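Every read-out reported here was derived from the displayed coordinates using simple, explicitly stated rules and does not represent laboratory data. Bear in mind the structure is a predicted one, so any value in this text is a computation, not a measurement. A quick note on method: Cβ atoms are made from the backbone with ideal geometry, for glycine too, and the neighbour counts reach across all protein chains shown.
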Number of protein chains: 2
Amino acid sequence: MRLSRYFLPTIKENPSEAQIASHRLMLRAGMIRQGAAGIYSWLPLGLRVLKKIENIVREEQNRAGALEVLMPTIQSSELWEESGRYDDYGKEMLRIEDRHGRNMLFGPTNEEMITDIFRREIHSYKDLPKNLYHIQWKFRDEIRPRFGVMRGREFLMKDAYSFDLTPEEGVNSYNAMFVAYLRTFARLGLKAIPMRADTGPIGGDLSHEFLVIAETGESEVFFHKDFEGMESLVDFPADAEGLQAIVNEWTTPYAATEEMHSEDDCPVEGNNLIRGRGIEVGHIFFFGDKYSKPMKASVQGPEGEMLNVQMGSYGVGVSRLVGGIIEACHDENGIVWPEAVAPFKIGLMNLGAKNEECTAFCDVLYAELEEAGIEVLFDDTKDGAGAKFKNMDLIGLPWQVAVGPRGLKNGVVELKNRKTGEKEELTKEALLAKFTA
Amino acid sequence: MRLSRYFLPTIKENPSEAQIASHRLMLRAGMIRQGAAGIYSWLPLGLRVLKKIENIVREEQNRAGALEVLMPTIQSSELWEESGRYDDYGKEMLRIEDRHGRNMLFGPTNEEMITDIFRREIHSYKDLPKNLYHIQWKFRDEIRPRFGVMRGREFLMKDAYSFDLTPEEGVNSYNAMFVAYLRTFARLGLKAIPMRADTGPIGGDLSHEFLVIAETGESEVFFHKDFEGMESLVDFPADAEGLQAIVNEWTTPYAATEEMHSEDDCPVEGNNLIRGRGIEVGHIFFFGDKYSKPMKASVQGPEGEMLNVQMGSYGVGVSRLVGGIIEACHDENGIVWPEAVAPFKIGLMNLGAKNEECTAFCDVLYAELEEAGIEVLFDDTKDGAGAKFKNMDLIGLPWQVAVGPRGLKNGVVELKNRKTGEKEELTKEALLAKFTA
């Protein structure tokens, strides 16, 4: 993509309304703009990151055997009255009256709707297990939306719902999502630690939050230092035993958010306990028949008896992750994207945009990189070199390639690794070989 | 995908609530389920089609130089008060009050919001032209939602917005979208005819609707028979002259919807005029400064003067197209998907699910087809052969492969083309060669 044709409105100064790094950097890097409090438009650069995260989340849900559906944003209040949550949910639920005076709402979550779909279509234990997920915009009318996409009102979420015949099989479905989440966050370039969690308004008694450790995290966390050496990009196991083994491994060392932690009861001693800060990026729940019972979602069992299905739900905050990744991956000059979610892999800069030879060289190099299928943002503008470097550092692409008339005299361009800051000079051929190998 | 693990709740009988073919078939093929009047959940089979259409629309927008953004579903009423459309829009707009009593709405379209983004970021003619599009769920509170996804309340739409310095350049942007739409509908397997249209509440004086011809179409259309021989998968031209030439070619023969047609003024005589029925699948508008003037979206021109930008907007009903394609592509037995949007390419049926040898053969064939990257739905259930064939015809995959113990004795499987009904017997090797060539 040529920057001259792109829409990348970067900002030099820190916007006064942003209190945390990710909010500041997303505004400055031209990724988002606020429409109303806690409601954002995603500009081209931000949308590319959002889509990459969404795709990794999707791939890992599919790998774990979940089936993708898409439920609407607007729901009728009737199902929520049936489950008993319509009055409970309070003012965070955006309530709407349609032109015929019917009570509707913008879904904050979908347990009721998916249970309704399930009970209308599935009536036999032979059709279990099932895990249905969707990736859809949700709305929670936060009283004080803040921190950009980290605590917005309209947000993109992946939520999955599992249906099983027995509690044991339900736990197996829970374990599959647990492992899928470990893989998902690892692929996003994050280390997320699962922590035993409160279940809150979702309900049930088995629940884990996944927290990314970042200095700027929203809550204090406590965990055993054993986690530091653990590899979270595990192979997805083929059977229930394999799943359980990974869950056991990851739930054995102590880990707790501040709500669940108590200094008196903490089993970890001295230097083995790490205090840090964390950002919640996923939350999983097993809640048995909490919804299937009031909503009568039952199937016929092997003996002909009717059994309420055992359910769990599993959420990843997809738009929140954009902010979460930036909180974990930035420095004083800007964002430092992990390769898997970077909006482009390479930022190519023409430092001699008024020099014909340099421009011709860049045009050819750009075409060759594109031809090789590499995602390149090509700064072909007439801005000065200083501004171009600053902008590239701000938007945080993993690799920067600077082409200037002086280097070209020696037949070389400069390649910089955004994360390490390491620079090397190399010929165009060596550069192409490096990225197309 | 193995059918035994999939979620495909097909229905044998025609649902009484569905009046048109696409609505009936989408319910029967387990593609959608209604949540509330005019609001649908997309089940796995339906979502696959929706995503394929979305991707083709996206690719052609990108090819035409449009940049993808994503605006939120919920908007503040303020921008609509500025443009003067807040009161005009009537009861079709879903109006919402948030917890602080602020007036919000679920966007039915985005002219105001995109104009606001533009005016905050772009201030010079040097940054023009720009075309920004998004693919997002919209809501129109239809008084009588009906016909399934053809006239739902919550629907997925691609809307693009162009910004230019002069009316001439604005028309060029309009032409680029015109050609992108010809290509888009052709790639979807449809023949869409552009017809001069009323501009309605969007405004302006240059507008075309794209209509797909289908016996079951919602409105009567009149067009010159010359259209029948025209190829709509045109190469996308490199310059303004090339774009204009294609637009001229496609707007020269007479074509009009019933609102625009008058028998007295029709220039086409006798047998040259075809009367048919059409389904609107796209609508494009050039409206100059209708929004940029009240909303003060202006840029500095080459002479330093401030000029209101010239705008157009361009819509494709993505979810509506799922229904539109079915209206154009079905027979008495079910859907007949064009290959480009089919949820799977091949439906593989094991007709001897209780026969070990036949099952083993199917398992291997399924694995080999998957390995080759072909999308296969494998009916591995214990249903009878008649039910399997009926179901496959209903869901309309382009190719059916039936494997039975009798054929296997002769070393062959049966391949059926869903559209033509042609059948042939061939060996596994010949089958694999046919689909992996």
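Taking the label point 7 Å along Cα→Cβ, B:Lys51 and its counterparts in the other copies are spaced 1.4 nm apart, in ascending order. So which GluC sites (Glu not before Pro) in segment A:9-116 are both in a DSSP loop and have at most 14 other Cβ atoms within 10 Å of their Cβ? Those that pass, being in a loop and sparsely packed, are A:Glu13, A:Glu17.
Taking GluC sites (Glu not before Pro) across segment A:364-413, the ones in a DSSP loop with at most 15 further Cβ atoms lying within 10 angstrom of their Cβ are A:Glu375. Counting Cβ atoms of other protein chains within 10 Å of each residue's Cβ and taking the mean over peptide A:26-39 gives 3.
Rounded if a/c is under 1.5, else prolate if a/b is larger than b/c, else oblate: which is chain A, with a ≥ b ≥ c the root eigenvalues of its Cα gyration tensor?
Prolate.
Per residue of B:411-419, other chain Cβ atoms within 10 Å of the residue Cβ number 0 on average. With contributions of -39500 (n - 2.57) from each DSSP H run of at least four residues, the per-residue ellipticity at 222 nm computed over the protein assembly as shown stands at -9500 deg cm²/dmol.
Using the alpha-carbon atoms, what tilt in degrees (0 to 90, nearest 10) does helix A:167-187 show relative to the longest principal axis of chain A? It works out to around 10 degrees.
Here's the picture: charge each Lys and Arg Cβ at +1 and each Asp and Glu Cβ at -1 in segment A:3-335, and of A:Tyr40, A:Gly152, A:Ile246 the one pushed furthest to the positive end of that dipole is A:Tyr40.
Taking label positions 7 Å along the Cα-Cβ direction at both A:Ala245 and A:Lys354, the computed distance is 6.6 nm, reported to one decimal.
Full extension of the chain between A:Asp198 and A:Lys409 gives 69.6 nm of extra length, using 0.36 nm per residue less the Cα-Cα distance. Counting only residues at least eight positions apart within a chain, or on another chain, the lysines with an alpha carbon under 24 Å from that of B:Lys382 are A:Lys126, A:Lys130, B:Lys12, B:Lys345, B:Lys354, B:Lys390, B:Lys409, B:Lys416, B:Lys423, B:Lys428. Placing +1 on the Cβ of every Lys and Arg and -1 on the Cβ of every Asp and Glu, with no other charges, gives segment B:106-164 a dipole of roughly 280 debye about its Cα centre. The amide H of A:Tyr40, built 1.01 Å from its N in the peptide plane, has A:Gly35, A:Glu154 as neighbours under 5 Å, considering only residues 5 or more places off or on other chains. Rounded to the nearest whole Hz, the Karplus-based 3J(HN,Hα) values (6.51 cos²θ - 1.76 cosθ + 1.60, θ = phi - 60°) of segment B:278-290 follow the sequence x, 10, 6, 10, x, 8, 10, 9, 10, 10, x, 9, 3, with x at glycine and proline. Rounded to whole numbers, the Karplus 3J(HN,Hα) couplings from phi for segment B:415-424 are 10, 10, 8, 4, 6, 8, x, 4, 10, 9 Hz, using 6.51 cos²θ - 1.76 cosθ + 1.60 with θ = phi - 60°, and x at Gly and Pro.
About its Cα centre, the dipole of segment A:344-436 is roughly 400 debye, where the only charges are +1 on Lys and Arg Cβ and -1 on Asp and Glu Cβ.
Going by a ≥ b ≥ c, the root eigenvalues of the Cα gyration tensor, does segment A:186-235 fall in the rounded group (a/c under 1.5), the prolate group (a/b larger than b/c) or the oblate group? Judged from the Cα gyration tensor, segment A:186-235 comes out prolate (a/c at least 1.5, a/b above b/c).
Only Lys, Arg, Asp and Glu carry charge here, each on its Cβ (+1 for the first two, -1 for the last two); on that basis the protein assembly as shown has a dipole of about 140 debye about its Cα centre. So what's the angle, to the nearest 10 degrees on a 0 to 90 scale, between helix A:240-251 and the longest Cα principal axis of chain A? Approximately 70 degrees, to the nearest ten.
Amide H contacts of A:Gly396: A:Ile335, each under 5 Å away and 5 or more positions distant or on a separate chain (H built 1.01 Å from N in the peptide plane; Pro and chain starts excluded). Per residue of peptide A:90-99, the mean number of Cβ atoms on other chains within 10 Å of the residue Cβ is 5.
Axis of helix A:111-121 versus longest Cα principal axis of chain A: the two differ by about 70°, to the nearest ten degrees.
Ordering B:His330, B:Cys358, B:Phe389 by the projection of their Cα atoms onto the charge dipole of segment B:290-437, which places +1 on the Cβ of Lys and Arg and -1 on the Cβ of Asp and Glu, puts B:His330 at the extreme positive end.
Centre-to-centre, using Cα atoms only, segment A:335-355 and segment A:146-176 are separated by 35 Å.
Site pair A:Lys390 and A:Asn333 shows an inter-label distance of 1.3 nm when each label is modelled 7 Å from Cα along Cα→Cβ.
Evaluating 6.51 cos²θ - 1.76 cosθ + 1.60 at θ = phi - 60° for every residue in segment B:69-86, the Karplus couplings come out as 10, 8, 8, x, 7, 9, 10, 7, 6, 4, 5, 6, 6, 5, 7, x, 9, 4 Hz, glycine and proline recorded as x. Projecting the Cα positions of A:Gly107, A:Ala214, A:Asn172 onto the charge dipole of segment A:3-335 (unit charges on Cβ atoms of Lys, Arg, Asp and Glu, taken about the Cα centre) puts A:Gly107 furthest along the positive direction.
Just to confirm the filter: which trypsin sites (Lys or Arg not before Pro) across segment B:346-437 are DSSP coil and have at most 11 other Cβ within 10 angstrom of their Cβ? Could you put the intermediate results ahead of the total?
Working: sites: B:Lys354, B:Lys382, B:Lys388, B:Lys390, B:Arg406, B:Lys409, B:Lys416, B:Arg418, B:Lys419, B:Lys423, B:Lys428, B:Lys434; in loops: B:Lys354, B:Lys382, B:Arg418, B:Lys419.
Counting only loop positions with at most 11 other Cβ atoms within 10 Å, the trypsin sites (Lys or Arg not before Pro) in segment B:346-437 are B:Lys354, B:Lys382.
Pairs of C-alpha atoms in segment B:159-302 farther apart than 21 Å represent 46 percent of all such pairs. Between the beta carbons of B:Ser262 and A:Arg63, assuming R0 = 60 Å, the FRET efficiency works out to 0.50 to the nearest 0.05. Give me the distance between the Cα centres of segment B:291-325 and segment B:4-36, rounded to whole Å. Cα centroid to Cα centroid, the span is 38 Å.
The Cα center of segment A:222-277 and the Cα center of segment B:218-233 differ in position by 65 Å. The percentage of C-alpha pairs in segment B:344-436 whose separation is greater than 19 Å is 32%.
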